[in-house]
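Quick notes on the structure that follows.
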Amino acid sequence: MCFFTRLSRFKCSDACVEILITFSIQCLAGLTRGYLLDIMKEELYKKAIAVLDANFQEGGFTIPSAGLYPFQWKWDSGFIAIGFAHYDVEKAKTEMRTLLDAQWENGFIPHIVFHTENDSYFPGADFHQSELHPLSSKKYRSTGMTQPPVTGFVLQEMYRIAEDKQDMLNFIKEEIDKVYENHAYFYSNRDPQDEGLVYIYHNWESGTDNSPVWDDIWKTMNPPEYTFVRKDTTHVDASQRPTKREYDHYLHIIDIAKQNNYDDAKIAELSPFLVQDPLFNAMLIKSNQALVDMYIMIGGNEEKIKTILKWQSKSIESFNNKLFDAELGAYVHYDLRNEKPIRHITSSSFSPLFANIPSQERAEVLVKTMMNKFGGEDKYLCASFDPTNDRFNPKKYWRGPVWINMNWMLFLGLKNYGFTDVAARMKQDSIELIEKYGFYEYFDCRKDTGEENTPGYGGNNFSWSAALFIDMVNTP
Ligand code: GLC
């Protein structure tokens, strides 16, 4: 007997029947909504896989986004490998193998590996001229700068995700020493005051390329006016990208490095841009820990473990002493060239949570700052730059929009310290943004932009947004 027939036999007042019917309809609608949501998520998951697969190239690497970014980028590759690890382990291994194959003889891993001739990107291989450095790769042309050191923790994530642990451990055994050599390069060449904090010499090394943090450094420089043809603004609306004058600064720093054949000691002496970046150093520390854990799993390697632990304790101590700004309640960048902190709050300020750097007490201060300044109900977490600061711009490249790789790190970092609710919101907001806009490079953090059709920003079908969506959906 159906529910409604049963209901009609039930001795009950009219009002009571009405309530029961309304309730039943709502239950059915709820179930349908839940079902539809599941289907939507499943569709999105399939779309994420399609984005990654389409961006994977014959040469064994994945482009971040067709047209705008046509080569292999270092930290993108790491995030991408984490996405692949969930459904195509061979591609994940290939991605990392190819990146690590481009390592220089001194342990350096470049920020872009130019696998192909492609003139849709400026500045390309001919501008960077990595061959100026005597130890650069003879196999691949690249830039002469690097990007955040993700490779250590990425290998560990791949192991966590892998079903066949032994197979993945064999792969890690093949590659791990390259990561160790890369960290040794950083500590021997990028830490002139022997503090355990490494510097970056270009804003493109930070990964947060156009952050307002760099504005303070641009004010100390007066680069020549370069003549060049921008390619990025042919793919993306110019209002979302850096200005021509900002590009003059970027090119000038590279010119100085090239005039010195990318020699690290000379760069440390002469580059107008020399910064200790909390995001970059947090990733190095996270990757140090991953190296130790993996070497222990492999067995042997006592000397390497000892060396890493020495780097690690010094790094964490200096990080906490030098980069924490108690007044702001956040970690900040330090301008090593001009010997002063750059006192702005960015999403990088919270990245130490990902690497277990702050104490629990300090982590609470950080999360309070994050929620007060970035976490209003009218916003998606987590803006890339302090929304209460004059330099905040919700549409422009790293000057405000939300980036999925930062959210992924913060999600895991918040979980590390037991901030379960904020972590859940970080994940929920990331998924909602992707549902609403698609797999874009960056997103407006305002829930109401005041415009009718706000698009996602930057490149579309962007690989790390797809890869880390896959990982977040799989991580409770
Ligand atoms: C942009 C981002 C950088 C990223 C690159 C490729 O330049 O600022 O972090 O690696 O695009 O996606």
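In order along segment 371-385, the Karplus-derived 3J(HN,Hα) couplings, from 6.51 cos²θ - 1.76 cosθ + 1.60 at θ = phi - 60°, round to 6, 5, 8, 10, x, x, 4, 7, 10, 7, 6, 10, 3, 7, 9 Hz, and Gly and Pro are given as x.
Of all the accessible heavy-atom surface of the chain, with the other protein chains kept in place and a 1.4 Å probe, what percent is carbon and sulfur? Carbon and sulfur together cover 52 percent of it. Annotation: amide H of Phe385 within the under-5 Å range of Ser347, Gly400, sequence separation 5 or more or interchain, hydrogens built in the peptide plane. Under 5 Å from the amide H of Phe114 lie the amide H atoms of Arg141, Ser142, Thr143, each residue being 5 or more positions distant or on a separate chain, with H modelled from the backbone and absent for Pro and chain starts. Taking Cα atoms only, the orientation of helix 14-55 departs from the longest principal axis of the chain by about 30 degrees. The simple spin-label model puts a point 7 Å past each Cα toward its Cβ; for Lys306 and Ala54 those points are separated by 5.3 nm. Couplings 3J(HN,Hα) for segment 326-339, derived from phi with the Karplus relation 6.51 cos²θ - 1.76 cosθ + 1.60 (θ = phi - 60°), are 5, 5, 7, x, 7, 7, 10, 6, 10, 7, 6, 5, 9, 6 Hz, where x marks Gly and Pro.
Asn118 to Asn338: FRET efficiency via 1/(1 + (r/R0)^6), r the Cβ-Cβ distance, R0 25 Å, to the nearest 0.05? Before the final figure, lay out the partial values.
Values: r = 37 Å, r/R0 = 1.48.
The formula returns an efficiency of 0.10 here.
In segment 90-152, which trypsin sites (Lys or Arg not before Pro) fall in coil by DSSP and have 12 or fewer other Cβ atoms within 10 Å? Provide the component values of the computation, followed by the final result.
Values: sites: Lys91, Lys93, Arg97, Lys138, Lys139, Arg141; in loops: Lys138, Lys139.
Sparse-neighbourhood loop trypsin sites (Lys or Arg not before Pro): Lys138, Lys139.
Only loop residues by DSSP count here, and only those with at most 15 other Cβ atoms within 10 Å; note down the GluC sites (Glu not before Pro) in segment 275-362 that meet that. Sites meeting the loop and neighbour criteria: Glu327, Glu339.
Helix 420-437 and the longest principal axis of the C-alpha atoms of the chain enclose an angle of approximately 90°. In terms of the mean number of neighbouring beta-carbon atoms within 10 Å, the peptides 216-229, 442-455 order highest first as 442-455, 216-229. For segment 458-476 versus segment 231-262, the spacing of their alpha-carbon centroids is 27 Å.
Note the full-extension length gain between Asn320 and Asn261 as 0.36 nm times their separation in residues minus their Cα-Cα distance, in nm to one decimal.
Values: separation 59, 0.36 × 59 = 21.24 nm, distance 3.40 nm.
Roughly 17.8 nm would be gained on extension.
Inter-label distance, Gln166 to Glu364: 4.7 nm, where each label sits 7 Å from its Cα along the C-beta direction.
Anything over 19 Å Cα to Cα? Flag those among Lys46/Lys74; Lys47/Lys415; Lys395/Lys436; Lys286/Lys396; Lys91/Lys139; Lys178/Lys258, in the order listed. Listed pairs above 19 Å: Lys46/Lys74; Lys47/Lys415; Lys286/Lys396; Lys91/Lys139; Lys178/Lys258. For segment 302-329, list residues with backbone N below 20 Å from a point placed 7 Å from the Cα of Thr388 toward its Cβ? Under 20 Å, as judged by backbone N against the label point of Thr388, lie 324-329 of segment 302-329.
Basic side chains Lys and Arg get +1 at the Cβ, acidic Asp and Glu get -1 at the Cβ, and with that the dipole of segment 63-369 about its Cα centre reaches some 140 debye.
Across segment 461-476, rounded Karplus estimates of 3J(HN,Hα) from the backbone phi angles (6.51 cos²θ - 1.76 cosθ + 1.60, θ = phi - 60°) give 6, 8, 4, 6, 4, 5, 5, 7, 4, 4, 5, 5, 4, 8, 10, x Hz, Gly and Pro being marked x.
Would you kindly state how much longer the chain becomes between Glu90 and Lys139 on full extension, computed as 0.36 nm times their sequence separation minus their alpha carbon distance, in nm to one decimal?
Details: separation 49, 0.36 × 49 = 17.64 nm, distance 2.24 nm.
Working it through step by step, the gained length comes to 15.4 nm.
Residues in segment 379-444 average 28 Å² of solvent-accessible surface per residue, probe 1.4 Å, ligands and nucleic acids excluded. Note on Lys173: no aspartates and glutamates have a C-alpha under 12 Å away, same-chain residues under 8 apart excluded. For the chain, the longest principal axis of the alpha carbon atoms and the long axis of helix 74-85 meet at an angle near 40°. For Lys379, the residues 5 or more places off, or on other chains, whose built amide H falls under 5 Å of its own are Lys447. Taking 0.36 nm per residue of separation and subtracting the Cα-Cα distance, full extension of the segment from Thr475 to Leu270 would add 69.3 nm. Here the sum of -39500 (n - 2.57) over DSSP H runs of 4 or more residues, divided by the residues of the chain, equals -16500 deg cm²/dmol at 222 nm, to the nearest 500. The relative contact order of segment 63-369 comes to 17 percent, based on Cα pairs under 8 Å that sit 6 or more residues apart. Go ahead and run the numbers for FRET between Glu225 and Asp293, Cβ-Cβ distance against an R0 of 41 Å, rounding to 0.05. The formula returns an efficiency of 0.25 here. Placing unit charges on each Cβ (+1 for Lys and Arg, -1 for Asp and Glu) gives segment 63-369 a dipole about its Cα centre, and among Val332, His115, Leu251 the Cα reaching farthest toward its positive end belongs to Val332.
The values are calculated or read from the model by the stated rules, or taken from the named source; none is laboratory data. If you're wondering where the values come from, they're calculated on a predicted model, not measured in any experiment. Methodologically, a virtual Cβ is constructed for each residue, glycine included, from the backbone with ideal geometry; neighbour enumeration extends over all protein chains shown. In case anyone asks, the SASA skips ligands and DNA or RNA and just uses the protein heavy atoms, side chains included. Shrake-Rupley method; radii C 1.70, N 1.55, O 1.52, S 1.80 Å.
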